[in-house]
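First up is the structure itself, then whatever we jot down about it.
The values are calculated or read from the model by the stated rules, or taken from the named source; none is laboratory data. What you are looking at is a predicted structure, and each value in this text was computed from that prediction instead of being measured. Virtual Cβ from ideal backbone geometry, glycine too; neighbours counted across all protein chains shown.
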């Protein structure tokens, strides 16, 4: 990469940071408990809209994993989720009624909060339907991982988005508040992913899985991206570019080995396809607040009316991280 | 009694754990001298010292700044050892440990062990030529260059200065009388040896020299012990495993069983939050001290596998933390497979026949333009790969490598032909290996796992049998011949690594059994078995005339070899219409 390209990326990074700085005004602190944050705390950043039903399990899952503080942006919820979050002693919550789309799908808001609170901390950025799995997560807390990453001078950790789905119609099994969503969406596609390298940002671009198989059979290039770098030892100069798919400076995107070895990596179990999804898809379609004019949701809405069974004969049922590692969806790298 | 073994402890973080371990040593009767890194926060250090001050046989030595790879650690060790030898005259062995070391066996056993070997120094010590473990290419040069810049905080200057010294051919002189040795930082030396090193009249010379050696804590005592020890056992009593960057592996709660069976006295490094390990080994909870069958090799295997995974990975796997550049991948695909071109055209029942003869999984044309022809016409197969041609063409390399990865343990075979698509151009802005439609043929050709068999020109058989206008046939024949010709050029290039066999159609039908036998033997399941049944060949009566017609129309079919115009091929005339047996 030439100096010019490098300079352009630098400018772009500054631009996102300035944009985040401008967008800070859209956020109103509802419960600011950030004074509780201690040195070395692991922070979780998220945006949410009307996810009340998911929040209890989501918070519990990451508390048990060892997240110390949650910083959440509420985008105009009307299902009581804001009130619920306000009551949590380890959650700081900001409210905004502004456009999700114009904050680049929440990235600007979170970039601002990260700029302000995350430097020096490990920052985990996930949606309420994403559950991080990393090597040894059944026996070692998240801090074991971040300590090891620190000791190995690694600043960012990759976790591919793995779409989970139920067997049978999506609306067949109702999700109860507080329930582990993996009990319902326990199936995934093990080996139908396409990976390409993005020369500009240095990240990998991964597509595939059930969404590509069912909704984007004829237009695979339009299928959603599955590569994510959700866990980063934050510094003030960092900025996410597009969701957590890409981050600048680009060195943080080099979460993969290019010489044939395997770096340690995890998976984000994506439990979007619960019974709540059909309703959500229709709602999002109306709001048109999602990526690429909600092309994804358009595709869902059409296909879902016809045959909402993502399950096939070759679907794998989720067991544990070791299974994912054997299948080649994540790796222990040199962590043992 | 146990006062015979003194512990020198170097600590810098997780002081509460260090305190726990120090108490443990002390309770077993071992005097302890502690050095705490100067960069540890003052209030933490005070609290730590005050907590331990109630113990009579614990001392604290002067604090030094111990940056990794620099002299500080050696200076700290020297002073702490001097204090140990001076204050505790009954000490016979000094054991150097860190704050993150954990005794795995009762201290009693260590004391007894050392008592039985009163003259032995346990220190890993090998000459630079013999050690494979140095990282970063600095082995002998550790001793002959200067290292005034910090590796951790000033890597750029560090590297530049090394490069400069190499360029001008600078070499430091090694003091007379010593031969540089290296080894684990964690040793256990006898009073005799240790005091001889510390009281050596030449010590200022050695210290001055080692002060500028790279990572002196791995060479100072290791070198000087060679001068004085009467009985060196070159191994460390501390179990310590290093990863590929030279950083120690860390032990967690889930290593409990492994550590129990390691049979080592002390292990490092322990994660400070590994409560189960500390409770088990220090407080004897969870039955840790029940002796189990020692199995120290298992730890070695686990950690060397981790290094292997990080450096070589699983060949043929492409995922979000392993995406090798082309040519650096130590294996394009993960298992061997077969590609057949021209066989289904020439034989009517080739696929079922091949499946029966080899036990392999035989697919149709995986790269058919309309859909992926998986075995048995399935629409989804292993790994939930679907039969969409668009998805396949979007990333043909991912398609092929995933297919082989998903079906590992089972031999895959598929048909290929000049009418198939081998990838298509990617959207703008995406950098990838395959840019032109035929680029997948390069992937196949350079994959040592691929076994590619081609009967060239066999694509003409379906044309010959088809009921189409001759002008169309001629046009299509010209196109197919061009594509196959290019493919054959790729296969014949000096860069190809696949097992490649190419026959012209004329050659092949002369004696089809022999090539078939060769190809099938490689597939391996039915080794050492002669083929008894041949696939049924298409009826080629009139094929020679067909080729002649093409020639008469100005096209030049050459890939199929020489077919006589009038007489049909000899092999064909004698061939019975039903399958036959070969003895």
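Residues of region A:305-324 that are modelled with pLDDT of 95 or more and surrounded by 23 or more Cβ atoms within 10 Å (Cβ to Cβ): A:324 alone. Give the residues of region B:58-78 that are over 17 Å from residue B:39 (Cβ atoms) and touching a strand residue (DSSP E or B) at 6+ places or on another chain (Cβ under 9 Å), sorted by residue number. If the condition is that a residue be over 17 Å from residue B:39 (Cβ atoms) and touching a strand residue (DSSP E or B) at 6+ places or on another chain (Cβ under 9 Å), then B:58, B:59 are the ones that fit. Residue selection: residue B:121 satisfies the criterion of being touching a helix residue (DSSP H, G or I) at 6+ places or on another chain (Cβ under 8 Å) and under 30 Å from residue B:5 (Cβ atoms). When each of B:468, B:474 is tested for being modelled with pLDDT of 90 or more, in a helix (DSSP H, G or I) and either more than 14 Å from chain A (Cβ to nearest Cβ) or more than 32 Å from the chain's Cα centre (by Cα) (or both), the lone residue that passes is B:474.
Yes/no per residue for (1) over 29 Å from residue A:260 (Cα atoms); (2) surrounded by 20 or more Cβ atoms within 10 Å (Cβ to Cβ):
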| residue | (1), (2) |
| --- | --- |
| B:352 | yes, no |
| B:391 | no, yes |
| B:408 | no, no |
| B:412 | no, yes |
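Restricting B:398, B:413 to residues that are more than 11 Å from chain A (Cβ to nearest Cβ) and either more than 30 Å from residue B:475 (Cβ to Cβ) or modelled with pLDDT of 95 or more (or both) narrows the list to B:413. Among the residues making up region A:144-182, those that are closer than 30 Å to residue B:255 by Cα and more than 20 Å from the chain's Cα centre (by Cα) are A:144, A:147, A:148, A:150, A:151, A:152, A:153.
Take residue A:239 and decide whether it is more than 24 Å from residue B:329 (Cβ to Cβ), facing chain B (nearest Cβ under 9 Å), touching a helix residue (DSSP H, G or I) at 6+ places or on another chain (Cβ under 6 Å) and crowded, with 22+ Cβ neighbours inside 10 Å. When the stated conditions are applied, residue A:239 does not pass them.
Across region A:251-275, which residue is nearest to the other protein chains (Cβ to nearest Cβ) among those that are crowded, with 20+ Cβ neighbours inside 10 Å and part of a helix (DSSP H, G or I)? Of everything passing the filter in region A:251-275, A:253 is nearest to the other protein chains (Cβ to nearest Cβ). Is there a residue in region A:68-85 that is within 19 Å of residue A:130 (Cβ to Cβ), outside any loop (DSSP other than H, G, I, E, B) and touching a residue at least 60 places away in the same chain (Cβ under 8 Å)? There is no residue in region A:68-85 that is within 19 Å of residue A:130 (Cβ to Cβ), outside any loop (DSSP other than H, G, I, E, B) and touching a residue at least 60 places away in the same chain (Cβ under 8 Å). Being on the phi < 0 side of the Ramachandran plot, within 14 Å of chain B (Cβ to nearest Cβ) and either at pLDDT below 95 or surrounded by fewer than 22 Cβ atoms within 10 Å (Cβ to Cβ) (or both) is a property that does not hold for residue A:287. One residue stands out among those in region A:16-32 that are touching a residue at least 12 places away in the same chain (Cβ under 8 Å) and under 20 Å from residue A:246 (Cβ atoms): the one that is surrounded by the fewest Cβ atoms within 10 Å (Cβ to Cβ), which is A:21.
Does residue A:159 satisfy the condition of being under 25 Å from residue A:106 (Cα atoms) and at pLDDT below 95? Against the criterion (under 25 Å from residue A:106 (Cα atoms) and at pLDDT below 95), residue A:159 does not qualify. The residue that is modelled with the lowest pLDDT, among those in region B:313-347 that are within 14 Å of another protein chain (Cβ to nearest Cβ) and more than 23 Å from residue A:253 (Cβ to Cβ), is B:330. For residue B:497, the conditions (1) part of a strand (DSSP E or B); (2) over 14 Å from residue B:342 (Cα atoms) all hold with the exception of (1).
Put simply, of A:192, A:227 the only residue that is within 20 Å of residue A:310 (Cα to Cα), modelled with pLDDT of 95 or more and either in contact with a strand residue (DSSP E or B) (Cβ under 8 Å, 6 or more places away or on another chain) or surrounded by fewer than 22 Cβ atoms within 10 Å (Cβ to Cβ) (or both) is A:192.
Quick check on residue B:89: is it surrounded by fewer than 16 Cβ atoms within 10 Å (Cβ to Cβ), free of Cβ contacts under 8 Å to residues at least 40 places away in the same chain and within 23 Å of residue B:203 (Cα to Cα)? Considered against the rule, which asks whether it is surrounded by fewer than 16 Cβ atoms within 10 Å (Cβ to Cβ), free of Cβ contacts under 8 Å to residues at least 40 places away in the same chain and within 23 Å of residue B:203 (Cα to Cα), residue B:89 comes out as yes. Within region B:193-249, the set of residues being surrounded by fewer than 16 Cβ atoms within 10 Å (Cβ to Cβ), part of a helix (DSSP H, G or I) and free of Cβ contacts under 8 Å to residues at least 40 places away in the same chain comprises B:199, B:203, B:204, B:205, B:208. Total residues in region A:315-334 satisfying the condition of being touching a helix residue (DSSP H, G or I) at 6+ places or on another chain (Cβ under 8 Å) and more than 7 Å from chain B (Cβ to nearest Cβ): the figure is 3. Output yes when any residue across region B:362-381 is at the interface with another protein chain (Cβ under 10 Å from one of its Cβ atoms), more than 28 Å from the chain's Cα centre (by Cα) and buried (at least 21 other Cβ atoms within 10 Å of the Cβ), and no when none is. Within region B:362-381 (the criterion being at the interface with another protein chain (Cβ under 10 Å from one of its Cβ atoms), more than 28 Å from the chain's Cα centre (by Cα) and buried (at least 21 other Cβ atoms within 10 Å of the Cβ)), the answer is yes, since at least one residue qualifies.
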